[in-house]
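These notes concern the structure reproduced below.
Coordinate-derived values only; no laboratory data. Here the structure is a predicted model, which means the values were calculated and not measured. Positions of Cβ are generated from backbone atoms using ideal geometry, with glycine treated the same way; all protein chains shown enter the neighbour counts.
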């Protein structure tokens, strides 16, 4: 397997699982741990993942990615949309408001056009 193919497989795995381990990758890709380490270092240098001892974590735009976040976003999406819709109706042009650390804010940002974000 070519190094580019290996690296694509590694990125695919890390995007689905949120992390990868050198030992598991070496077994799955039938190559040495040293080769995997070199691949992970190269991907780290390119900014595509964060290298850790024994493996790597997914990196997204400089913020560490929570692998279960995607699953969390799917839960209760109707309720979150209802909350965001109700909040958007309260916002008027010129208002100042605070982005709370919760999922409805993501929906609210898309619904709230009269204000600057």
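Restricting to region 1-23, name every residue that is free of Cβ contacts under 8 Å to residues at least 24 places away in the same chain and either assigned to a helix (DSSP H, G or I) or in contact with a helix residue (DSSP H, G or I) (Cβ under 7 Å, 6 or more places away or on another chain) (or both).
Scanning region 1-23 gives 4, 5, 8, 9, 12, 13, 16.
Filter region 24-60 down to residues that are in contact with a helix residue (DSSP H, G or I) (Cβ under 7 Å, 6 or more places away or on another chain) and assigned to a strand (DSSP E or B) and give me whichever is surrounded by the fewest Cβ atoms within 10 Å (Cβ to Cβ).
Among those residues, the one meeting the criterion is 51.
For region 4-17, which residues satisfy the criterion of being buried (at least 17 other Cβ atoms within 10 Å of the Cβ) and within 11 Å of residue 55 (Cβ to Cβ)?
If the condition is that a residue be buried (at least 17 other Cβ atoms within 10 Å of the Cβ) and within 11 Å of residue 55 (Cβ to Cβ), then 10, 13, 14 are the ones that fit.
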